[in-house]
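Notes to accompany the following structure.
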Amino acid sequence: MSTAGVVEIDLELVEELTRRETAALDEKHRRSLAYREQAKRRLPGGVSSSWQSWPPHPIYVSHGKGSHVWDIDGNEYVDYHNGYGVMVMGHAHPRIVEAVQRRVELGTHFAQPTEEALPVAENLAERYRLPYWRFGNSGTESTLDAVRIMRAVTGRKLVVKVEGTYHGHHDSLMVSVFPTPEQAGPRERPASLPQTLGLPEEFVNLTLCVPFNDAGAVERVFEEHPGEIAGMIVEPAMSNCGLVLPDDGYLERLKEITRRHGALLAFDEVKTGFTLAWGGAVEAFGVVPDLVCLAKSLGAGLPCGAIGGTEEAMDMIIRGELEQVGTFNGNPLTMAAAKANLLEVLTPDAYAEFERINGILGECRRVIERYRLPASMKMLGAKGSIDWRSTPIHEYRDLWDIDDRVPQLAWLWQLNRGVFKSPGSKWESWTTSIVMSDEDARRYVENFEELAAAITA
Ligand SMILES: Cc1ncc(COP(=O)(O)O)c(C=O)c1O
């Protein structure tokens, strides 16, 4: 890592500031803190998903409108968390509210096809340049379907994933998500490690890991397992090591390698879809894979996932040989929200808003230079991150250089000054929304500059 010309962060000062910021946060969240004790009696940890509980304590949200959210203590924030990158259209968007209200009156579930799904599929086909689509309820279901399709189509069992990428919580892919240096093995041949208890090693061993942005490593793994690999799943831009963009030509090479070895390529666009560009990473980087997995922003805040594919990839589903199923798939309420979202809200014009916001957030680069911070910044569409490393993160293992205490302080700092970001900001990229004002973007920059001054004092 290049450290020339940057200041060295005083970690004792960071700890002292963190103690101060934590105390200030606790003070503002008396109701959240008390409510967590109540909630713990019935909800493990007081929350509904383990990652909703981040130290110092979970923050219980009451409502959101546009680019702002309010917690149950009445604190107001500009929302850069946006529900782990879902709410790029902003909270309670009038078009979405209207579409959902209209559909609620007509009944919300039949487990029979309704007329809402087709226009959504038509729009996705245009955005992602893939002809066939099926729906589910989450990103986990989309990537599960992708793995199943890759295995069914090829009759092979092994899958390749990138070390340090999260693709959801099913057994095939909850592997080597946040491996530690002690466990991870050599960079060229990363170990396959269960991310959670309860993962049978048989599943873990069927998943082979490679570093991001290294097509040579992918080539090697295919050569070492001839005729055994069903396919590779990859986030075309990693979004949980900050934002990591693919090197020029990397995605093209993945397509070429998988094709040459008779395997499939799936893009996990659960986070990049609808955020990097109108047509997600497919549009941003100009590579069309065999399969695209979507979720998050698709349902505009309602649980929705989708898997799209080429005719060859989806052929077994088309012919009824492979069953892609789910009680709530294509649910009319979710589809009504998705339809309004895709056709009326997240239109090609809406994407210009991200350029406006990024123009202001880009000021953080000047702050990094002015205070000579050991940090770097990336942005694309609604996504971006400031990483506490001078040389931009290029693959998961680069994150190991960053001391967790610095991004934790940066997160607390923003939170105490009215900017809500996803917890775990060392890993998470931020998400802006098309309804953010210039003032919302400036608040982020001002807070960042104040932090820069405090940690370099
Ligand atoms: C890239 C990626 N894929 C898949 C998932 C899983 O999505 P879900 O939480 O909707 O199951 C996530 C969740 O954060 C994700 O970031």
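A few remarks follow.
- Legend: translational diffusion of the chain by Stokes-Einstein, Rh = Kirkwood radius over C-alpha pairs, 25 °C, 0.890 mPa s; D = 108 µm²/s.
- Projected onto its three principal axes, the C-alpha set of the stretch 314-432 covers 59, 33, 27 Å, listed from the longest axis down.
- Scattering from the stretch 215-303 was approximated by placing one identical point on each alpha carbon and applying the Debye formula without solvent; log10 I(q)/I(0) at 0.19 1/Å stands at -0.85.
- Cubic angstrom per residue, convex hull over Cα atoms of the stretch 383-453: 97
- Using 0.36 nm per residue and subtracting the Cα-Cα separation, the extra length available between Trp54 and Glu182 on full extension is 43.7 nm.
- Along principal axes, Cα extents of the stretch 92-179, largest first, whole Å: 45, 29, 26
- Modelled label positions at Phe203 and Val7, each set 7 Å beyond Cα in the direction of Cβ, lie 4.6 nm from each other.
- Within the same chain, lysines fewer than 8 places from Lys378 are excluded, and of the rest, those with a Cα less than 18 Å from its Cα are Lys271, Lys421, Lys426.
- Rel. contact order, % - alpha carbon contacts under 8 angstrom, at least six apart, the chain: 24
- The largest-to-smallest principal axis extents of the Cα set in the stretch 94-346 are 57, 38, 36 Å.
- Cα gyration tensor category, rounded, prolate or oblate, for the stretch 9-93 with a/c compared to 1.5: oblate
- Inter-label distance for Val47 and Ala191, nm, one decimal - labels placed 7 Å from Cα along Cα-to-Cβ: 2.6
- Label-point separation in nm, Glu27 to Glu115, each point 7 Å along Cα→Cβ: 5.9
- Gain on full stretching of the segment that runs from Asp247 to Ile318 - 0.36 nm per residue minus C-alpha separation: 22.1 nm
- Tensor-based shape of the stretch 35-169 (alpha-carbon gyration tensor, a/c under 1.5 rounded, otherwise prolate or oblate): oblate
- Hypothetical label at Glu224: residues of the stretch 186-217 whose amide nitrogen lies under 11 Å (7 Å Cα-Cβ projection): 186-192, 208-211, 217
Any read-out appearing in this document is the output of simple, stated calculations on the displayed coordinates, not a laboratory observation. Computed from a predicted structure; not experimentally measured. FYI the Cβ positions are ideal-geometry reconstructions off the backbone, even for glycines, and counts take in every protein chain you see.
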